[in-house]
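Enquirer: I have a structure I would like to understand better, so I am pasting it below and will then ask my questions one at a time.
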Amino acid sequence: ETGSFAPRAHLLSCLADLLVHAAAVEQCQEWVGAKQQSATQLLLQVWKEEEARLVGASGGFALQSTHRPLSGLNSDAAAGADDDDDDSDSDGDQSFDKAHKGVRSAPTVGMTTMASLRIAGRFDGLGSVESSVLEAHDLRAKVYAVLHNLGFTSSISLSADEKATMEAARNYPLLCDAEAWRDVQEELEANEGTRPVTADKSKLDAKLGELERGVATIAEIQSQILESESANMHSEMERAMLYNMRVQRDGPQRQVAHQTSRSMFRARLEAKAKIGEMVASSHVAYRGPMPSKAEYADAAIDAVQEAMLAEQEDASLRMRHAEAALVEVARTRGLSDAKVAEYLRAKADKDDGFDAQAGEKDKAVTREEIRQLCVEFQG
């Protein structure tokens, strides 16, 4: 994870040999590095670093060409190596580039370069006597061997970029075949005195076409992975932008201002009453905690006063507010509004000076008087 480049090849070879044992595989899958990386994620990082070391830069996380999937030659370089009679291969690679142009252009902005890796210390020791023998080797073969023994799995969830890189690593043998057969074709074309017979030429073209289709399939899978992640990121950015716009437009307190007026005390009483009703209706003889009549009355008056405040009414309590408080008590206790009307009529018949339903609705009353009415209404 933090060592120099020189022993990297030997360490990968040793690790590949050790991972033939199930116990070693289990311990390696449980390993987590100092940067909270799993062993698989570290190996994928080494894969990308090898691309940067051998090609000069690792531009993106999808394959760059069907002609040279490992060496990183673009379609123009690959096409230039072909004769005029091989335009079909060049056209195929150019169509591949067009099909994946949008997917590969975005990750290329954050490409991995040799300079950035040297600054980060990932290539310490590169160019030394110890590493000079190994610098010509492609360590991705050793990375593939280790990943193969790990089953191409990770104990930590992989990002979209890592999943795309994993797809290339999983199909490393096919990519090697594509490179090897392309070398055969270019060697034959470079030697003017050598030309394959027609049958061999047909087999070579068929093999190259088959491998190019396989590489294109891998690149398509990578593109789907990256496109899916790009769509998710775009959706997240849109949601965040919409939220910021709403906050700037409405302010952080707008939702609070639009909330309906409701006493928290009354809400607690309702919850307490529901608990009491559930306990009372159960088969257990114990009757749960219930609010007192006075508590119901105070909660109803508080709710009425909060409604008055929301409607910017005068703070003085009137007889009509007494009726509203009685309705609040009835609804909290699960009674119908008709019970309130019956109580008020009975109260008016009994007390000649009391008539909340006639012309005394604007008569001033005290909180204590309304409280007594609410307590009396509950019986």
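Enquirer: Closer than 30 Å to Ser38 by Cβ, surrounded by fewer than 20 Cβ atoms within 10 Å (Cβ to Cβ) and of a type in the set (Gly, Ala, Ser): is that true of Ala180 in this structure?
Expert: no
Enquirer: Looking at segment 48-63, which of its residues are of a type outside the set (A, V, I, L, M) and either in contact with a strand residue (DSSP E or B) (Cβ under 9 Å, 6 or more places away or on another chain) or at pLDDT below 75 (or both)? Please lay out each step first, then the result.
Expert: Initially, segment 48-63 is screened for residues of a type outside the set (A, V, I, L, M), giving 48-51, 53, 56, 58-61.
Those that are of a type outside the set (A, V, I, L, M) and either in contact with a strand residue (DSSP E or B) (Cβ under 9 Å, 6 or more places away or on another chain) or at pLDDT below 75 (or both): Lys48, Glu49, Glu50, Glu51, Gly56, Ser58, Gly59, Gly60, Phe61.
Enquirer: Could you pull out the residue among Lys207, Lys272 that is assigned to a helix (DSSP H, G or I), open to solvent by 30 Å² or more (accessible area, probe 1.4 Å) and modelled with pLDDT of 85 or more?
Expert: Working: Lys272 fails: modelled with pLDDT of 85 or more.
Within the list Lys207, Lys272, the selection yields Lys207.
Enquirer: Within segment 144-170, track down each residue that is in contact with an Asp or Glu (Cβ under 7 Å, 6 or more places away or on another chain) and more than 14 Å from Ala62 (Cα to Cα).
Expert: To start, the set of residues in segment 144-170 that are in contact with an Asp or Glu (Cβ under 7 Å, 6 or more places away or on another chain) comprises 155, 160.
Hit for segment 144-170 is Ser155, nothing else.
Enquirer: Run Val329 past the list (1) open to solvent by 60 Å² or more (accessible area, probe 1.4 Å); (2) in contact with a helix residue (DSSP H, G or I) (Cβ under 6 Å, 6 or more places away or on another chain) and report the number of the one that doesn't hold.
Expert: Against the list (1) open to solvent by 60 Å² or more (accessible area, probe 1.4 Å); (2) in contact with a helix residue (DSSP H, G or I) (Cβ under 6 Å, 6 or more places away or on another chain), Val329 comes up short only on (1).
Enquirer: While we're here: Could you grab me the full set of residues in segment 275-295 that are assigned to a loop (DSSP other than H, G, I, E, B) and either of a type in the set (Ser, Thr, Tyr) or at pLDDT 70 or above (or both)? Steps first, answer last, please.
Expert: Within segment 275-295, the subset assigned to a loop (DSSP other than H, G, I, E, B) is 282-292.
Ser282, Tyr286, Met290, Pro291, Ser292 - these are the residues of segment 275-295 that are assigned to a loop (DSSP other than H, G, I, E, B) and either of a type in the set (Ser, Thr, Tyr) or at pLDDT 70 or above (or both).
Enquirer: Further, regarding this structure: Considering only segment 102-176, give the helices (runs of 4 or more DSSP H) lying wholly within it that have at least 3 residues that are at pLDDT below 85.
Expert: Working: elements: 114-119, 129-132, 140-149, 160-170.
Here the list reads 114-119, 129-132.
Enquirer: Counting only residues that are out of contact with any Pro (no Cβ under 9 Å at 6 or more places or on another chain) and among the basic types (Lys, Arg), how many does segment 202-226 have?
Expert: Number satisfying all stated conditions: 2.
Enquirer: Moving on. Taking segment 32-60, which residues are part of a loop (DSSP other than H, G, I, E, B), without any contact (Cβ under 8 Å) to a residue 40 or more places away in the chain and of a type outside the set (D, E, K, R)? Give the steps one after another, and end with the answer.
Expert: Step one: filter segment 32-60 for residues part of a loop (DSSP other than H, G, I, E, B), giving 33-37, 56, 59-60.
Still in the running and without any contact (Cβ under 8 Å) to a residue 40 or more places away in the chain: 33-35.
Result: Gly33, Ala34.
Enquirer: In segment 296-312, is there at least one residue being open to solvent by 70 Å² or more (accessible area, probe 1.4 Å) and at pLDDT below 75?
Expert: Among the residues of segment 296-312, at least one is open to solvent by 70 Å² or more (accessible area, probe 1.4 Å) and at pLDDT below 75, which makes the answer yes.
Enquirer: Is it true that Gln259 is open to solvent by 80 Å² or more (accessible area, probe 1.4 Å), modelled with pLDDT under 75 and either in a helix (DSSP H, G or I) or in contact with a Gly (Cβ under 9 Å, 6 or more places away or on another chain) (or both)? Full working, then the answer.
Expert: Values: open to solvent by 80 Å² or more (accessible area, probe 1.4 Å): yes; modelled with pLDDT under 75: yes; either in a helix (DSSP H, G or I) or in contact with a Gly (Cβ under 9 Å, 6 or more places away or on another chain) (or both): no.
Spelling it out, it is not the case that Gln259 is open to solvent by 80 Å² or more (accessible area, probe 1.4 Å), modelled with pLDDT under 75 and either in a helix (DSSP H, G or I) or in contact with a Gly (Cβ under 9 Å, 6 or more places away or on another chain) (or both).
Enquirer: Next question, about the same structure. Collect the residues in segment 23-36 that are open to solvent by less than 30 Å² (accessible area, probe 1.4 Å) and modelled with pLDDT under 90, keeping them in residue-number order.
Expert: The answer is Gly33, and nothing else.
The values are calculated or read from the model by the stated rules, or taken from the named source; none is laboratory data. From a predicted model like this one, the values you see are computed outputs, not experimental measurements. Positions of Cβ are backbone-derived with ideal geometry, glycine not excepted, and every protein chain shown enters the neighbour counts. Surface areas here come from the heavy atoms of the whole protein model, side chains and all, with no ligands, DNA or RNA. Shrake-Rupley method; radii C 1.70, N 1.55, O 1.52, S 1.80 Å.
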